[in-house]
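Engineer: I'd like to ask you about the structure that follows.
The values are calculated or read from the model by the stated rules, or taken from the named source; none is laboratory data. These numbers come from a predicted model, not from an experiment. Note: ideal-geometry Cβ built from the backbone for every residue, glycine included; neighbour counts use all protein chains shown. What goes into the accessible areas is simple: the full protein's heavy atoms, side chains included, and nothing from ligands, DNA or RNA. Shrake-Rupley method; radii C 1.70, N 1.55, O 1.52, S 1.80 Å.
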Amino acid sequence: MKLVKQSFEILEQTDYSLKGIKQFIERCGRVCYKSEDRITDTSYEKFVDMLIKKDHARPLEFGTVHLKMKSSNFQGFMQALYAEGIFNDVWIKSNYNEEVVYTTTNYRYYLDMIKRIPFIKNYFTEEDNEYYPKRYTVHMILSRGVMDEFRTHVTLSHLAESTRYCNYSKDKFNNELTFVIQDWMENVREGTFDDTLGRDCSWFPTDGGDGLCLNDKEGCVLGTWNKAESEYLDGLKCGLTPQQIRSVLPLSVKSELISCGFGSAWDNFFYRRCAKDAHPMAREIAIPLQDKFKEMGLSFVY
(Lines give C-alpha, C1' and ligand atoms only; values in the text may rest on other atoms or scores of the structure.)
Protein backbone atom coordinates (compact mmCIF):
# COMPACT_ATOMS: atom_id res chain seq x y z
CA MET A 1 0.00 0.00 0.00
CA LYS A 2 1.48 3.31 -1.10
CA LEU A 3 0.72 6.64 0.59
CA VAL A 4 1.21 10.02 -1.11
CA LYS A 5 0.37 13.66 -0.54
CA GLN A 6 -1.65 15.76 -2.96
CA SER A 7 0.42 17.68 -5.51
CA PHE A 8 0.20 19.50 -8.82
CA GLU A 9 2.22 20.33 -11.91
CA ILE A 10 1.49 23.12 -14.39
CA LEU A 11 1.76 21.86 -17.96
CA GLU A 12 2.50 24.12 -20.90
CA GLN A 13 1.93 23.64 -24.60
CA THR A 14 4.74 25.48 -26.38
CA ASP A 15 4.23 24.24 -29.95
CA TYR A 16 1.09 25.44 -31.76
CA SER A 17 1.62 23.52 -34.97
CA LEU A 18 -0.73 20.62 -35.64
CA LYS A 19 2.06 18.31 -34.50
CA GLY A 20 2.51 20.21 -31.24
CA ILE A 21 -1.23 20.35 -30.62
CA LYS A 22 -1.61 16.61 -31.08
CA GLN A 23 1.44 15.83 -28.96
CA PHE A 24 -0.01 17.83 -26.08
CA ILE A 25 -3.36 16.10 -26.48
CA GLU A 26 -1.59 12.75 -26.22
CA ARG A 27 0.40 13.92 -23.19
CA CYS A 28 -2.83 14.77 -21.38
CA GLY A 29 -5.06 12.03 -22.77
CA ARG A 30 -2.83 9.13 -21.80
CA VAL A 31 -3.23 10.03 -18.13
CA CYS A 32 -6.73 8.50 -18.31
CA TYR A 33 -5.25 5.11 -19.11
CA LYS A 34 -1.89 5.66 -17.34
CA SER A 35 -0.22 4.74 -20.61
CA GLU A 36 2.32 7.56 -20.73
CA ASP A 37 5.02 4.92 -21.21
CA ARG A 38 3.67 4.34 -24.72
CA ILE A 39 4.42 7.87 -25.90
CA THR A 40 6.99 8.00 -28.74
CA ASP A 41 8.08 10.65 -31.22
CA THR A 42 5.35 9.54 -33.64
CA SER A 43 2.62 8.02 -31.45
CA TYR A 44 0.56 11.23 -31.32
CA GLU A 45 -0.91 10.73 -34.81
CA LYS A 46 -2.30 7.27 -34.09
CA PHE A 47 -3.52 8.31 -30.63
CA VAL A 48 -5.40 11.40 -31.81
CA ASP A 49 -6.81 9.56 -34.84
CA MET A 50 -8.13 6.90 -32.45
CA LEU A 51 -9.83 9.56 -30.32
CA ILE A 52 -11.50 11.10 -33.36
CA LYS A 53 -12.65 7.78 -34.86
CA LYS A 54 -14.13 6.62 -31.54
CA ASP A 55 -15.61 10.06 -30.84
CA HIS A 56 -13.68 10.25 -27.56
CA ALA A 57 -13.69 14.00 -27.94
CA ARG A 58 -12.89 15.21 -24.43
CA PRO A 59 -9.09 14.88 -24.70
CA LEU A 60 -9.17 16.98 -27.87
CA GLU A 61 -10.16 19.96 -25.73
CA PHE A 62 -6.63 20.00 -24.26
CA GLY A 63 -4.92 21.01 -27.50
CA THR A 64 -4.73 24.80 -27.77
CA VAL A 65 -5.35 26.28 -31.24
CA HIS A 66 -4.55 29.82 -32.38
CA LEU A 67 -6.41 31.67 -35.11
CA LYS A 68 -5.37 35.01 -36.60
CA MET A 69 -7.47 37.25 -38.82
CA LYS A 70 -7.96 40.85 -39.83
CA SER A 71 -10.54 42.67 -37.74
CA SER A 72 -12.54 43.19 -40.96
CA ASN A 73 -12.97 39.40 -41.18
CA PHE A 74 -13.84 38.87 -37.53
CA GLN A 75 -17.49 39.91 -37.83
CA GLY A 76 -18.06 37.36 -40.61
CA PHE A 77 -16.27 34.73 -38.54
CA MET A 78 -18.56 35.35 -35.55
CA GLN A 79 -21.69 35.51 -37.69
CA ALA A 80 -20.82 32.13 -39.19
CA LEU A 81 -20.49 30.59 -35.72
CA TYR A 82 -23.87 31.99 -34.66
CA ALA A 83 -25.51 30.95 -37.94
CA GLU A 84 -24.35 27.36 -37.42
CA GLY A 85 -25.47 27.47 -33.78
CA ILE A 86 -22.04 26.51 -32.48
CA PHE A 87 -20.79 29.66 -30.77
CA ASN A 88 -19.36 28.71 -27.36
CA ASP A 89 -17.96 31.55 -25.28
CA VAL A 90 -16.39 29.08 -22.82
CA TRP A 91 -14.17 27.62 -25.54
CA ILE A 92 -13.16 30.68 -27.54
CA LYS A 93 -11.63 34.03 -26.55
CA SER A 94 -10.22 36.86 -28.67
CA ASN A 95 -8.07 39.97 -28.33
CA TYR A 96 -7.66 42.91 -30.72
CA ASN A 97 -4.44 44.72 -31.59
CA GLU A 98 -3.89 47.09 -34.51
CA GLU A 99 -6.64 45.78 -36.76
CA VAL A 100 -5.74 42.16 -36.06
CA VAL A 101 -7.81 39.72 -34.01
CA TYR A 102 -5.95 37.01 -32.08
CA THR A 103 -8.21 34.10 -31.15
CA THR A 104 -7.60 31.07 -28.94
CA THR A 105 -9.72 27.93 -28.85
CA ASN A 106 -9.29 24.17 -28.44
CA TYR A 107 -8.76 21.43 -31.00
CA ARG A 108 -12.15 19.80 -30.43
CA TYR A 109 -13.95 23.07 -31.16
CA TYR A 110 -11.62 23.83 -34.07
CA LEU A 111 -12.45 20.52 -35.77
CA ASP A 112 -16.16 21.21 -35.33
CA MET A 113 -15.77 24.71 -36.75
CA ILE A 114 -13.86 23.72 -39.90
CA LYS A 115 -16.25 20.82 -40.53
CA ARG A 116 -19.19 23.24 -40.66
CA ILE A 117 -17.36 26.38 -41.80
CA PRO A 118 -14.35 25.29 -43.91
CA PHE A 119 -12.95 28.79 -44.51
CA ILE A 120 -11.99 29.04 -40.83
CA LYS A 121 -9.05 26.75 -41.64
CA ASN A 122 -7.48 29.74 -43.41
CA TYR A 123 -7.12 31.51 -40.06
CA PHE A 124 -5.11 28.74 -38.39
CA THR A 125 -1.64 29.86 -37.31
CA GLU A 126 1.32 28.28 -35.55
CA GLU A 127 2.46 31.57 -34.04
CA ASP A 128 2.21 32.54 -30.40
CA ASN A 129 2.53 35.93 -28.74
CA GLU A 130 1.17 37.95 -25.82
CA TYR A 131 -2.02 38.86 -27.69
CA TYR A 132 -3.45 35.35 -27.82
CA PRO A 133 -5.71 34.64 -24.79
CA LYS A 134 -4.00 32.05 -22.64
CA ARG A 135 -5.26 28.70 -21.47
CA TYR A 136 -3.77 27.02 -18.40
CA THR A 137 -3.39 23.29 -17.84
CA VAL A 138 -2.75 21.69 -14.45
CA HIS A 139 -1.97 18.03 -13.69
CA MET A 140 -3.09 17.20 -10.16
CA ILE A 141 -2.60 14.19 -7.91
CA LEU A 142 -5.42 14.11 -5.38
CA SER A 143 -8.02 11.91 -3.74
CA ARG A 144 -11.00 10.63 -5.72
CA GLY A 145 -13.38 12.57 -3.50
CA VAL A 146 -11.66 15.91 -4.11
CA MET A 147 -11.34 15.11 -7.79
CA ASP A 148 -15.10 14.60 -8.05
CA GLU A 149 -15.63 18.06 -6.51
CA PHE A 150 -13.18 19.70 -8.92
CA ARG A 151 -14.87 18.15 -11.93
CA THR A 152 -18.04 20.10 -11.16
CA HIS A 153 -16.27 23.19 -12.57
CA VAL A 154 -17.78 22.85 -16.01
CA THR A 155 -16.01 25.85 -17.58
CA LEU A 156 -12.79 23.86 -17.20
CA SER A 157 -12.06 20.78 -19.30
CA HIS A 158 -11.16 17.71 -17.24
CA LEU A 159 -9.48 14.36 -17.84
CA ALA A 160 -9.28 11.81 -15.04
CA GLU A 161 -7.39 8.61 -14.34
CA SER A 162 -9.85 5.86 -15.19
CA THR A 163 -10.52 3.12 -12.65
CA ARG A 164 -12.42 1.34 -15.45
CA TYR A 165 -9.25 0.75 -17.42
CA CYS A 166 -6.40 0.95 -14.91
CA ASN A 167 -5.57 -2.43 -13.40
CA TYR A 168 -3.64 -1.72 -10.21
CA SER A 169 -2.54 -5.33 -9.84
CA LYS A 170 -0.15 -4.86 -12.78
CA ASP A 171 3.57 -4.33 -12.37
CA LYS A 172 3.34 -0.76 -13.70
CA PHE A 173 1.39 0.09 -10.52
CA ASN A 174 3.72 -2.03 -8.34
CA ASN A 175 0.80 -4.42 -7.74
CA GLU A 176 -0.71 -2.12 -5.13
CA LEU A 177 -3.18 0.66 -4.49
CA THR A 178 -2.11 4.21 -3.70
CA PHE A 179 -3.99 6.36 -1.20
CA VAL A 180 -3.84 10.08 -0.44
CA ILE A 181 -2.76 11.13 3.05
CA GLN A 182 -5.55 13.12 4.66
CA ASP A 183 -4.92 16.66 5.88
CA TRP A 184 -5.68 15.76 9.51
CA MET A 185 -3.18 12.88 9.70
CA GLU A 186 -0.22 13.95 11.83
CA ASN A 187 1.71 10.67 12.04
CA VAL A 188 1.45 9.47 8.45
CA ARG A 189 4.14 10.11 5.84
CA GLU A 190 4.65 9.22 2.21
CA GLY A 191 5.98 5.79 1.33
CA THR A 192 5.02 2.17 0.72
CA PHE A 193 3.95 0.35 3.88
CA ASP A 194 3.13 -3.17 5.02
CA ASP A 195 1.24 -4.07 8.22
CA THR A 196 2.11 -7.76 8.25
CA LEU A 197 5.11 -7.55 10.57
CA GLY A 198 2.99 -7.61 13.71
CA ARG A 199 4.90 -5.07 15.83
CA ASP A 200 3.50 -2.31 18.03
CA CYS A 201 4.14 0.33 15.39
CA SER A 202 2.76 -2.06 12.83
CA TRP A 203 2.93 -0.04 9.62
CA PHE A 204 6.49 -0.36 8.32
CA PRO A 205 7.99 0.85 5.03
CA THR A 206 8.75 -2.03 2.71
CA ASP A 207 12.26 -0.70 2.07
CA GLY A 208 13.13 -0.58 5.78
CA GLY A 209 13.17 2.29 8.24
CA ASP A 210 11.00 3.43 11.10
CA GLY A 211 7.37 2.40 11.20
CA LEU A 212 4.31 4.57 11.59
CA CYS A 213 3.12 4.94 15.17
CA LEU A 214 -0.47 5.94 14.58
CA ASN A 215 -3.24 7.24 16.78
CA ASP A 216 -6.54 5.38 16.85
CA LYS A 217 -8.17 7.43 14.09
CA GLU A 218 -5.20 7.09 11.76
CA GLY A 219 -4.93 3.37 12.45
CA CYS A 220 -8.62 2.92 11.74
CA VAL A 221 -8.41 4.63 8.35
CA LEU A 222 -5.20 2.90 7.25
CA GLY A 223 -6.78 -0.38 8.26
CA THR A 224 -9.76 0.25 6.00
CA TRP A 225 -7.42 1.21 3.13
CA ASN A 226 -5.45 -1.98 3.60
CA LYS A 227 -8.65 -4.02 3.58
CA ALA A 228 -9.87 -2.27 0.43
CA GLU A 229 -6.57 -3.04 -1.29
CA SER A 230 -6.84 -6.72 -0.34
CA GLU A 231 -10.43 -6.95 -1.57
CA TYR A 232 -9.57 -5.20 -4.82
CA LEU A 233 -6.60 -7.43 -5.59
CA ASP A 234 -8.48 -10.57 -4.55
CA GLY A 235 -11.38 -9.61 -6.78
CA LEU A 236 -9.08 -9.36 -9.79
CA LYS A 237 -7.61 -12.76 -8.98
CA CYS A 238 -11.16 -14.16 -8.96
CA GLY A 239 -11.67 -12.97 -12.52
CA LEU A 240 -13.40 -9.63 -12.00
CA THR A 241 -12.42 -6.82 -14.36
CA PRO A 242 -11.13 -3.46 -13.08
CA GLN A 243 -14.45 -1.77 -13.87
CA GLN A 244 -16.32 -4.46 -11.91
CA ILE A 245 -14.15 -4.48 -8.80
CA ARG A 246 -13.57 -0.71 -8.65
CA SER A 247 -16.71 -0.36 -6.52
CA VAL A 248 -14.65 -1.36 -3.47
CA LEU A 249 -12.28 1.58 -3.91
CA PRO A 250 -12.67 4.32 -1.26
CA LEU A 251 -12.81 8.03 -2.07
CA SER A 252 -9.28 8.45 -0.69
CA VAL A 253 -7.71 6.36 -3.46
CA LYS A 254 -5.12 8.33 -5.43
CA SER A 255 -6.45 9.83 -8.64
CA GLU A 256 -4.91 11.99 -11.33
CA LEU A 257 -6.81 14.89 -12.84
CA ILE A 258 -5.79 17.23 -15.64
CA SER A 259 -7.81 20.43 -15.90
CA CYS A 260 -7.55 23.13 -18.56
CA GLY A 261 -9.23 26.44 -19.24
CA PHE A 262 -8.99 30.18 -19.64
CA GLY A 263 -8.17 32.48 -16.75
CA SER A 264 -11.82 33.26 -16.02
CA ALA A 265 -12.53 29.57 -15.41
CA TRP A 266 -9.58 29.26 -13.03
CA ASP A 267 -10.65 32.44 -11.26
CA ASN A 268 -13.99 30.81 -10.45
CA PHE A 269 -12.21 27.63 -9.39
CA PHE A 270 -10.08 29.52 -6.87
CA TYR A 271 -13.08 31.49 -5.62
CA ARG A 272 -14.88 28.24 -4.75
CA ARG A 273 -12.03 25.94 -3.68
CA CYS A 274 -9.91 28.38 -1.68
CA ALA A 275 -12.90 29.61 0.33
CA LYS A 276 -12.82 29.06 4.08
CA ASP A 277 -15.84 26.76 3.91
CA ALA A 278 -14.39 24.60 1.09
CA HIS A 279 -13.36 21.03 1.91
CA PRO A 280 -9.97 21.06 3.72
CA MET A 281 -8.47 18.66 1.19
CA ALA A 282 -9.65 20.90 -1.66
CA ARG A 283 -8.06 23.92 0.02
CA GLU A 284 -4.86 21.92 0.58
CA ILE A 285 -4.20 21.80 -3.16
CA ALA A 286 -6.15 24.84 -4.43
CA ILE A 287 -4.42 27.44 -2.24
CA PRO A 288 -0.84 26.46 -3.22
CA LEU A 289 -1.96 26.32 -6.86
CA GLN A 290 -3.43 29.82 -6.57
CA ASP A 291 -0.18 31.01 -4.99
CA LYS A 292 1.76 29.51 -7.91
CA PHE A 293 -0.45 31.35 -10.39
CA LYS A 294 0.15 34.57 -8.45
CA GLU A 295 3.88 33.91 -8.59
CA MET A 296 3.55 33.63 -12.37
CA GLY A 297 2.06 37.14 -12.39
CA LEU A 298 -1.30 36.17 -13.86
CA SER A 299 -3.70 39.10 -13.80
CA PHE A 300 -6.86 37.07 -13.08
CA VAL A 301 -5.53 35.81 -9.72
CA TYR A 302 -6.13 38.25 -6.88
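Engineer: Could you grab me the full set of residues in region 16-32 that are assigned to a loop (DSSP other than H, G, I, E, B) and without any contact (Cβ under 8 Å) to a residue 60 or more places away in the chain? Break it down into steps so the answer makes sense when it comes.
Structural biologist: Taking region 16-32 first, the residues assigned to a loop (DSSP other than H, G, I, E, B) are 16-17, 30-32.
Scanning region 16-32 gives a single hit, Arg30.
Engineer: Among the residues of region 42-89, write down those that are small (Gly, Ala, Ser), touching a residue at least 40 places away in the same chain (Cβ under 8 Å), surrounded by fewer than 19 Cβ atoms within 10 Å (Cβ to Cβ) and closer than 24 Å to Gly20 by Cα. Explain how you work it out, then say what you get.
Structural biologist: Filtering region 42-89 for residues small (Gly, Ala, Ser) gives 43, 57, 63, 71-72, 76, 80, 83, 85.
Applying the additional criterion that residues be touching a residue at least 40 places away in the same chain (Cβ under 8 Å) yields 57, 63, 80.
Narrowing the set further to residues that are surrounded by fewer than 19 Cβ atoms within 10 Å (Cβ to Cβ) leaves 57, 80.
The answer is Ala57, and nothing else.
Engineer: Next question, about the same structure. So Glu98 passes all but one of these: (1) open to solvent by 80 Å² or more (accessible area, probe 1.4 Å); (2) at pLDDT 95 or above. Which condition number does it fail?
Structural biologist: If we test Glu98 against (1) open to solvent by 80 Å² or more (accessible area, probe 1.4 Å); (2) at pLDDT 95 or above, just (2) comes out false.
Engineer: Within region 116-133, track down each residue that is under 9 Å from His66 (Cβ atoms) and either of a type in the set (Asp, Glu) or out of contact with any strand residue (DSSP E or B) (no Cβ under 8 Å at 6 or more places or on another chain) (or both).
Structural biologist: Glu126, Glu127, Asp128, listed by residue number.
Engineer: Which of the residues that make up region 251-266 are buried (at least 18 other Cβ atoms within 10 Å of the Cβ) and farther than 28 Å from Glu26 by Cβ?
Structural biologist: Within region 251-266, Ser252 is the sole residue that qualifies.
Engineer: Go through region 126-155 residue by residue and tally those that are of a type in the set (Ser, Thr, Tyr), open to solvent by less than 20 Å² (accessible area, probe 1.4 Å) and assigned to a loop (DSSP other than H, G, I, E, B). Steps first, answer last, please.
Structural biologist: Residues of region 126-155 that are of a type in the set (Ser, Thr, Tyr), as a first pass: 131-132, 136-137, 143, 152, 155.
Going one step further and asking which of them are open to solvent by less than 20 Å² (accessible area, probe 1.4 Å), we end up with 132, 137, 143.
Now narrow it down to the ones that are assigned to a loop (DSSP other than H, G, I, E, B): 132.
Total meeting the criteria: 1.
Engineer: Something else now. May I ask you to say which residue of Ile181, Ile92 is crowded, with 16+ Cβ neighbours inside 10 Å and free of Cβ contacts under 8 Å to residues at least 24 places away in the same chain? Can you show your working first?
Structural biologist: Numbers: Ile181 fails: free of Cβ contacts under 8 Å to residues at least 24 places away in the same chain.
It is Ile92.
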